[in-house]
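The structure appears right after this line, and notes come after that.
The values are calculated or read from the model by the stated rules, or taken from the named source; none is laboratory data. All values reported here derive from a predicted model rather than from experimental measurement. Because the Cβ atoms are built from the backbone with ideal geometry, glycine has one as well, and the counts that use them run over all protein chains shown. Just so you know, the surface numbers come from the protein's heavy atoms only, side chains and all, with ligands and any DNA or RNA stripped out. Shrake-Rupley method; radii C 1.70, N 1.55, O 1.52, S 1.80 Å.
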Amino acid sequence: MTTLVTPENLSSYPPPPQVPGLPLLGSTIQFLNRPIEFFLECYEKYGPVFGISAASQHYVVLAGLEANQFLAQERDEYLTSRKVFGEFAAQMGSENFLIAIDGPQHAYMRKVMQRGYSKSGLGPHLNQFLRLTHERARHWKVGETIYVRDQMQRLVTEQLGTALARHSSKEHFEAIRTFLGTLLDVFIIKRYPRAILALPFYQQARRKVMEFARLVLEEHRQVNPEDAPPPDLVDDLLTAVDWNGNPLKEGDLLAATVGPFFAGMDTVANTMGFMLYAILKHRDVHEKIRMEVEEHFANGIPEWRDLPKMETLYAATIETLRRYPVAPFTPRSARKDFVFAGHRIEAGQDILVINGLTHFLPEFFPDPWTFDVNRYIKPRQEHKQGQGVFAPYTLGPHTCLGAGAAEVQLMVTVGAILQAVDLELERPDYEIVTRVMPIPGPDPNFKIRVTGQRKL
Ligand code: HEM
């Protein structure tokens, strides 16, 4: 499928077919408003490789199972993350931000952060996750409608910040959201020109977040070893050395300290929004999860490894990750010339691998647009069909390091919300709308109504 070519024979392969688009806008509107549908239509018409123009950018798109397997097997030989995420990291003063580096240095830094980002690392904090969720839910008044995306972003960021960096995000939340959202919009989605980085709203947010990172780092440095709490991600970074045996540079430490406050802001929060929608839309699923939570949360929070025993809650989590992928495309650039599916790709070209496209192919997931928790119950187990089929966290060297933690967080938090309050969709016939802002998520205007507070 993939052939490495020499400069002499590259021109004998045709370039990928180009998807026609509007003058200037290209396919921007489809990309932002109905990304999966748009890429599926292109895949059916043009095959596994095609070119699109969106957000003033030209991308070569790789899609389908072959593309996912290519990404999974690729070892930074053909693709690089540096061009896409390098400037993002530079805004935090880092040259070695995990997502922006490749090769052996990347593999090394991943190991340094593995424990801090693992689901077992979250284990001791699950009671706190439960408490933070109940506290938030207690503030929702009966009869009130709440903006799901906003509420979930605040909750998820608070949970991860306190667990992985021992610091509340509350006072800095707006700055963190603005800083991350602008970076993603400018450097990854490329919806806005980089000129907006000079504007005061962004400069202020950036300053506030970097001061916050300095504070969190300093607090960790000041901990008295005599009565030190169990080490978290930031402690691990402070004691680590880089691949040359030197202490990590201050810029890299600061950016890595911001990491936990960025990690769930859009990813987990958007998935949680979709999950609440899907559960409230399916009464039978809702009822089963309520019963599971009543049984398993009766004596406090279960151990993280026992959470999948709540079969419907677990299946609803996995089905939400499939049906509503919040990271369905992986941005890269070509490190060298190569041929994919008979078409030439040239060094330096911007690439999008649509890792979430397979979730919507009926040969893998029959009736793919239907939310169906029974897919994961034996014997179907549709998420276990081999490499590249189910890929909500993308594939390859940069596969999400917090994937296990994310699932634990989703199950505990959604379980705790349903334990604390009765909820319904604002209108029973409401159909969720996906918006790319800055990654795919529920429309920010999606609201749910609180119909009761439960006794805890
Ligand atoms: C539903 C939730 C989540 C989804 C869908 C998701 C998805 C992803 C994806 C697609 C990437 C790769 C991006 C790329 O290379 O272009 C990634 C990377 C990463 N994620 Fe997640 N993520 C989620 C939650 C989390 C959480 C909760 C954490 C931390 C606790 C986390 C930590 C990370 C880290 C550290 C990386 C960088 C890995 C590397 O570059 O080697 N993620 N995530």
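What accessible area, in Å² to the nearest ten, does a 1.4 Å probe give for T239?
For T239, solvent-accessible area is about 110 Å².
Solvent-accessible area of F85, probe 1.4 Å, all protein chains present, reported in Å² to the nearest ten, please.
20
Quickly work out the E218-to-Y430 label distance, labels modelled 7 Å from Cα along the C-beta direction, and quote it in nm with one decimal.
Using points 7 Å along Cα→Cβ, the separation is 4.3 nm.
Let's see if you can work this out: charge +1 on each Lys and Arg Cβ, -1 on each Asp and Glu Cβ, no other charges. What is the dipole magnitude of segment 34-103 about its Cα centre, in debye to the nearest 20?
Numbers: 5 positive and 10 negative charges, 29 e Å.
Approximately 140 debye in magnitude.
Please list 425-433, 439-447 highest first by mean number of surrounding beta-carbon atoms within 10 Å per residue. Display every interim value, and only then the final one.
Values: 425-433: 11.8, 439-447: 19.3.
Result, highest mean Cβ count within 10 Å first: 439-447, 425-433.
Under unit Cβ charges (Lys, Arg +1; Asp, Glu -1), what dipole magnitude, rounded to 20 debye, does the chain have relative to its Cα centre? Working shown, then result.
Working: 49 positive and 53 negative charges, 102 e Å.
Using Cβ point charges on Lys, Arg, Asp and Glu, the chain gives about 500 debye.
At a 10 angstrom cut-off on C-beta neighbours, averaged per residue, how do the peptides 109-115, 157-163, 8-14, 381-387 rank from highest to lowest?
Working: 109-115: 15.7, 157-163: 24.0, 8-14: 11.4, 381-387: 13.6.
The densest-packed peptide leads the list: 157-163, 109-115, 381-387, 8-14.
Go through T370, L425, A89 and say which Cα lies farthest out towards the positive end of the charge dipole of the chain; charges sit on Cβ, +1 for Lys and Arg, -1 for Asp and Glu.
L425
Of H172, V186, L199, which is farthest towards the positive pole of segment 160-207's charge dipole, taken about the Cα centre with +1 and -1 on the beta-carbons of Lys, Arg and Asp, Glu respectively?
Checked the options; the winner is V186.
Can you work out ³J(HN,Hα) from phi for every residue in segment 48-60, in order, using Karplus 6.51 cos²θ - 1.76 cosθ + 1.60 and θ = phi - 60°, giving whole Hz and x for Gly and Pro?
x, 9, 7, x, 9, 10, 8, 6, 6, 9, 9, 10, 9
What shape does the chain take by its C-alpha gyration tensor, where a ≥ b ≥ c are the square roots of the eigenvalues and a/c under 1.5 counts as rounded, a/b above b/c as prolate, and the rest as oblate?
On the way: a/c = 1.63, a/b = 1.19, b/c = 1.37.
Oblate, because a/c is 1.5 or more while a/b does not exceed b/c.
Starting from the amide H of I351, placed 1.01 Å from N in the peptide plane, find each other amide H under 5 Å away whose residue is 5 or more places distant or on another chain.
V60, R332, S333, A334
Return the whole-Å distance between the Cα centroid of segment 263-339 and the Cα centroid of segment 70-126.
23
Under a 5 Å amide H to amide H cut-off, with H placed in plane at 1.01 Å, what residues pair with F50 once short-range neighbours are removed?
Under 5 Å from the amide H of F50: V61.
Using Cα-Cα distances under 8 Å and only pairs 6 or more residues apart, what relative contact order does the chain have, in percent?
Working: 758 pairs, mean separation 125.2, N = 456.
This gives 27 percent for the chain.
Could you point to the residue in A256, V209, A334 farthest towards the positive end of the chain's charge dipole, with +1 and -1 charges on the Cβ of Lys/Arg and Asp/Glu respectively?
Looking along the dipole axis, the top candidate is V209.
Can you pull the percent of the chain's accessible area that's carbon plus sulfur, 1.4 Å probe, other chains left in place? Present the calculation step by step, with values, prior to reporting the outcome.
Numbers: 10390 of 19520 Å².
Solvent-exposed carbon and sulfur of the chain make up 53 percent of the total.
How large is the accessible surface per residue of the chain, computed with a 1.4 Å probe and reported in Å² as a whole number?
Values: 19520 Å² over 456 residues.
That works out to 43 Å² per residue.
For a quick check: with amide H placed at 1.01 Å from N, whose amide H comes under 5 Å from L423's, ignoring anything fewer than 5 positions away on the same chain?
T451
Quick one: putting +1 on the C-beta of Lys and Arg, -1 on the C-beta of Asp and Glu, what dipole do you get for segment 45-181 around its Cα centre, in Debye to the nearest 20? Don't skip to the answer; put the middle values down first.
On the way: 17 positive and 13 negative charges, 110 e Å.
Its charge dipole is roughly 520 debye.
How big is segment 223-339 by Rg and Dmax over its Cα atoms, in Å?
Cα-based Rg and Dmax for segment 223-339 come out at 20.6, 58 Å.
Give me a comma-separated list of calculated 3J(HN,Hα) values for segment 377-384, in order, Karplus coefficients 6.51, -1.76, 1.60 applied at θ = phi - 60°, integers in Hz, x for any Gly or Pro.
Taking θ as phi minus 60°, the curve returns 8, 4, x, 5, 6, 5, 7, 10 Hz for segment 377-384.
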